Amino acid sequence: MLTKRIIPCLDIKEGRVVKGVKFLGLRDAGDPVEVAKVYDRQQADELVFLDITASFENRKTLIDLVEDIAKNIFMPFTVGGGIRDISDIRDLLNAGADKVSINSAAVKYPELIKEASDKFGSQCIVVAIDAKLICCGVPSFRLSAPNSNLQAPSQDKWEVFINGGRTPTELEAVEWAKNAAELGAGEILLTSMDFDGTKDGYDLNLTRAVSDNVSIPVIASGGAGKLEHFYDALNKAGADACLAASLFHYGEFTVKQVKEYLKQKGVAVRL
Amino acid sequence: MTGIIDYGMGNIHSVQKALESLGDKTIVTNNPEELRKCEKIVLPGVGAFADAMKELEKQGLVLAVIDAIKNKKIFLGICLGMQLLFESSRESKGAKGLGVLKGEVKKFIPGKGLKVPHMGWNQLNKVISDKAPGVTECPLLKGLPENSYVYFCHSYYPDPKYKEIVSATTDYGIKFTSVVWQDNIFGMQFHPEKSQAVGLRILKNFVELC
């Protein structure tokens with residue numbers, strides 16, 4: 001049986017892990033390879049590396065890093081951040097990334113999704129969507145309690161933001177996800193800007209709405225704070241995978257603890 | 001020496017690094033002469049079936065692959081690299097595969113909660129072999145517990161004409177063939193090089209074949 005995936009995400013700046021990782025016994029918590037090895041031991045199902053500098057000068061550093069990771073860990077990993085065109089994608093895949101995650105460039109040039117998936121296969125093209133709730137045209141305010149109306153199909157609408165959440169696009173997130181899937185995306189990495197960093201749980205309405213409307217896997221991201229949050233996203237909202245960063249970095253839970261909890265709740269996970 | 005065929009179709013370094021971590025000597029090449037010197041050959045690959053065949057043809061590798069197989073070299077196809085060994089694929093209408101294994105490559109039909117691509121960790125159900133006395137399973141799966149998890153990432157799967165080459169199956173909406181074995185030819189729909197300890201065990205078995 002295909003299992004649900006638990007995916008730690010590492011923010012990378014100039015080849016180093018940022019947003020401090022607090023593991024005991026790590027010689028160098030800034031070294032992405034060292035951190036990746038810890039997650040490997042904890043039975044993470046995949047890793048995501050997001051390059052948050054993503055400037056032109058830093059591409060070489062990123063490529064070197066990807067090569068280093070590929071040499072040292074034998075598990076799937078995705079690289080994202082600042083990808084603009086086919087040659088960026090080719091460079092990262094050649095360096096050893098299994099998948100690339102495209103965000104702003106996919107919105108600006110949707111044909112990039114088609115071109116890339118035709119060339120490299122859908123399975124390695126992840127489209128990342130940063131979405132924010134909009135109610136009656138008023139952005140960013142949650143008018144109801146979070147996750148309150150899961151029984152009924154959500155009437156909520158979400159807007160897609162790009163450039164690290166700074167630029168609104170007027171694209172509706174569910175429509176954009178459908179469009180991306182049609183163009184050949186192999187997976188959607190869906191981050192709720194409203195819930196990210198809150199530790200209140202994943203945005204279940206958003207996750208459900210996207211998951212119900214595309215036939216490709218959806219990774220829920222943003223908001224994980226408790227074990228139940230993973231269960232809710234995977235079980236109630238239909239996510240295929242859950243991504244989390246600080247929860248794992250600060251050692252609140254290990255990946256293995258999350259998976260043991262899920263297994264006990266009857267969710268198929270790899271242990 | 002293991003020759004890893006580099007024909008411009010994606011991630012070959014992971015295979016190389018995994019084999020080298022197990023003490024294997026490898027060469028990444030698209031040169032048929034170099035491949036001729038190898039005892040073992042790996043055909044990796046991600047991407048589209050027709051493009052991959054075109055590349056193999058353009059780089060003069062079709063004959064090299066067929067010769068290697070005829071000369072009884074240990075041959076491992078991974079993911080698209082395995083699919084290419086079959087006669088055709090529904091991914092690319094009219095495109096012919098290498099045809100060293102009989103059968104065609106089919107697509108998962110999404111729906112009823114079945115997401116396509118089939119992406120993530122799924123289990124291998126080993127098929128008991130009766131090919132030779134004393135050989136009960138594919139040699140590459142030796143020592144693997146039943147229902148071991150491996151990493152998949154694909155929308156298409158092989159449907160062999162002769163079921164006796166099926167060494168393992170996996171359930172995803174349907175029961176599909178995830179490992180094939182015919183004489184010196186091995187094929188895997190998943191990525192052993194990305195399957196952590198289980199994958200490394202499979203590759204170790206491969207390295208130890210000769």
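The values are calculated or read from the model by the stated rules, or taken from the named source; none is laboratory data. The model shown is predicted, which means the values in this text are computed figures rather than measured ones. All Cβ positions, even for glycine, are placed from backbone atoms using ideal geometry, and neighbour counts span all protein chains on display. Keep in mind that these areas ignore ligands, DNA and RNA; they rest on the heavy atoms of the full protein, side chains included. Shrake-Rupley method; radii C 1.70, N 1.55, O 1.52, S 1.80 Å.
Could you tell me which of rounded, prolate or oblate describes chain A, using a ≥ b ≥ c as the square roots of the eigenvalues of the alpha-carbon gyration tensor, with rounded for a/c under 1.5 and, failing that, prolate when a/b is larger than b/c and oblate otherwise? Each step should come with its number before you reach the end.
On the way: a/c = 1.56, a/b = 1.13, b/c = 1.38.
Taking the square roots of the gyration eigenvalues as a ≥ b ≥ c, chain A is oblate.
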Q | Inter-probe distance in nm under a simple model that places probes 7 Å from Cα toward Cβ, at B:Met1 and A:Tyr109 | A | 4.0
**Q.** Span from the segment B:65-106 Cα centroid across to the segment A:166-214 one, whole angstrom
**A.** 38
Q: Starting from the exponent 0.38 and prefactor 2.2 Å, build the expected Rg for the protein assembly as shown from its residue count and divide its actual Cα Rg by it.
A: 0.96
Q. Which peptide among B:183-190, A:107-114, A:39-46 comes first, and what is the full order, when sorted by highest mean count of other Cβ atoms within 10 Å?
A. B:183-190, A:39-46, A:107-114
Q) How many nm is it between the label spots at B:Ser21 and B:Lys112, if each spot is 7 Å from the Cα in line with the beta carbon? A) 3.8
Q | Per-residue SASA entry for A:Thr167, accessible area with 1.4 Å probe, Å² rounded to 10 | A | 50
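Roughly how many percent of the accessible protein surface of segment B:1-120 is carbon and sulfur, given a 1.4 Å probe and a whole-percent answer? Write out the running numbers ahead of the final one.
Working: 2510 of 4890 Å².
Of all accessible area on segment B:1-120, carbon and sulfur atoms account for 51 percent.
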Q | Expected 222 nm ellipticity per residue - DSSP helices of 4 or more, -39500 (n - 2.57), all of chain B, to 500 | A | -6500 deg cm²/dmol
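Roughly what % of DSSP beta bridges within segment A:5-264 run antiparallel, to the nearest 5? Don't jump to the answer; show the numbers that get you there.
Numbers: 12 of 43 bridges.
Roughly 30 percent of the beta bridges in segment A:5-264 run antiparallel, per DSSP.
Please find the FRET efficiency linking B:Glu87 to A:Asp212, where r is the Cβ-Cβ separation and R0 is fixed at 51 Å, and quote it to the nearest 0.05. Don't skip to the answer; put the middle values down first.
Details: r = 38 Å, r/R0 = 0.74.
Step by step, r from the Cβ atoms, then E = 0.85.
For peptide B:189-197, what's the mean number of Cβ atoms from other chains within 10 Å of each residue's Cβ? Walk me through the numbers before you get to the answer.
Numbers: counts 0, 0, 4, 1, 5, 8, 3, 10, 3.
That average works out to 4.
For segment B:33-80, run through the GluC sites (Glu not before Pro) and keep only the ones in DSSP coil with at most 15 other Cβ atoms within 10 Å of their Cβ.
Values: sites: B:Glu33, B:Glu34, B:Glu39, B:Glu55, B:Glu57; in loops: B:Glu39.
Those satisfying the criteria are B:Glu39.
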Q.
Under 15 Å between alpha carbons, and skipping anything fewer than 8 positions from B:Lys73 in its own chain: which aspartates and glutamates qualify?
A. B:Glu33, B:Glu34, B:Glu39, B:Asp183, B:Glu208
Q: Please identify every one of the chymotrypsin sites (Phe, Trp or Tyr not before Pro) in segment B:72-170 that sits in a loop by DSSP and has no more than 16 other beta carbons within 10 Å of its own beta carbon.
A: B:Tyr162
Q.
How much accessible area per residue does the protein assembly as shown have, counting only protein heavy atoms and a probe of 1.4 Å, in square angstrom?
A. 40
